[in-house]
Amino acid sequence: MSDHPVAPEARQTAGGEPAEFTRLKRLTIASLLLFMIAVAAGVLGALDADTMREQLDSAGSPTDETAVQLAQAVALAIAGGSAVGGLAAYVLVIKGLYHRRNWARVLGMVFAVLSIITYAFSLTTSAPLLATGGLAVASLAVEGLALLVSGYWLVLGFNAQVAEYLRRPRNLA
């Protein structure tokens, strides 16, 4: 009998990969979809001048037409940049995971931490917008779900079977 603790046997799918790794790949795609929905909600909110005016007013900023148009332009630029950058990051992680690259798991964990920080910040700062109803409520619900998905992604990313599977040479898997 060995003095070393034995890790539980990894549950494996038909393809020989641990079930947790399969779940991690699916969760990455679900996270991408939630991210794109959150970006789309941001774009819709930025396009609505009344919503933008309410946000400016609640922040104590000027609400004249020029200020609203400038705020809309800035919000759309941020949403567009976020969409392009986020999509590129997700594609990189998804491609890496499907090619069994451990760096993709590590990079995904970094992105998951950044997502958790971003979504948590967004939820805390956007809570007063619940009174505006509709889009704000849906957006906060999506962001809350995305926060939970990112947290679970971290749990799976740190899973011992997933880490071991990705470190194992591909010809032995």
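The values are calculated or read from the model by the stated rules, or taken from the named source; none is laboratory data. Values in this document were obtained by computation on a predicted structure and should not be read as measured data. All Cβ positions, even for glycine, are placed from backbone atoms using ideal geometry, and neighbour counts span all protein chains on display.
The figures follow:
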quantity: Residue count for the range 26-71, restricted to those that are within 27 Å of Leu145 (Cα to Cα), outside any helix (DSSP H, G or I) and free of Cβ contacts under 8 Å to residues at least 24 places away in the same chain; calculated: 1
quantity: Where a residue in the range 76-91 is within 17 Å of Leu34 (Cβ to Cβ) and touching a residue at least 40 places away in the same chain (Cβ under 8 Å) and its partner, wherever it lies, is crowded, with 17+ Cβ neighbours inside 10 Å and among the small types (Gly, Ala, Ser), with Cβ under 6 Å and at least six apart; calculated: Ala79/Gly42
quantity: Residue check, Ala10 modelled with pLDDT under 90 and either of a type in the set (D, E, K, R) or surrounded by fewer than 12 Cβ atoms within 10 Å (Cβ to Cβ) (or both); calculated: no
quantity: Residue among Ala141, Ala163 that alone is of a type in the set (Gly, Ala, Ser) and either exposed (fewer than 14 other Cβ atoms within 10 Å of the Cβ) or not in a helix (DSSP H, G or I) (or both); calculated: Ala141
quantity: Enumeration of residues in the range 52-75 that are closer than 21 Å to Phe35 by Cα and of a type in the set (Ser, Thr, Tyr); calculated: none
quantity: Test set (1) out of contact with any Phe, Trp or Tyr (no Cβ under 6 Å at 6 or more places or on another chain); (2) part of a helix (DSSP H, G or I); (3) closer than 30 Å to Arg170 by Cα; (4) not aromatic (Phe, Trp, Tyr) - Ala120 fails condition number; calculated: (3)
quantity: Only listed residue being modelled with pLDDT of 90 or more and under 30 Å from Val155 (Cβ atoms), chosen from Leu70, Leu24; calculated: Leu24
quantity: Members of the range 43-67 found to be among the aliphatic types (A, V, I, L, M) and either more than 17 Å from Ser122 (Cα to Cα) or modelled with pLDDT of 90 or more (or both), listed by number; calculated: Leu47, Ala49, Ala67
quantity: Any hit, the range 86-100, residues being touching a Lys or Arg at 6+ places or on another chain (Cβ under 8 Å), more than 16 Å from Ala136 (Cβ to Cβ), at pLDDT 90 or above and not in a helix (DSSP H, G or I); calculated: yes
quantity: One residue from Leu123, Leu76, Leu147 being under 20 Å from Ser31 (Cα atoms), surrounded by fewer than 17 Cβ atoms within 10 Å (Cβ to Cβ) and touching a helix residue (DSSP H, G or I) at 6+ places or on another chain (Cβ under 6 Å); calculated: Leu123
quantity: Any chance Ala77 is in contact with a Phe, Trp or Tyr (Cβ under 6 Å, 6 or more places away or on another chain) and among the hydrophobic types (A, V, I, L, M, F, W, C); calculated: no
quantity: In the range 12-25, the residues that are part of a helix (DSSP H, G or I) and either free of Cβ contacts under 8 Å to residues at least 12 places away in the same chain or among the basic types (Lys, Arg) (or both); calculated: Ala19, Thr22, Arg23, Lys25
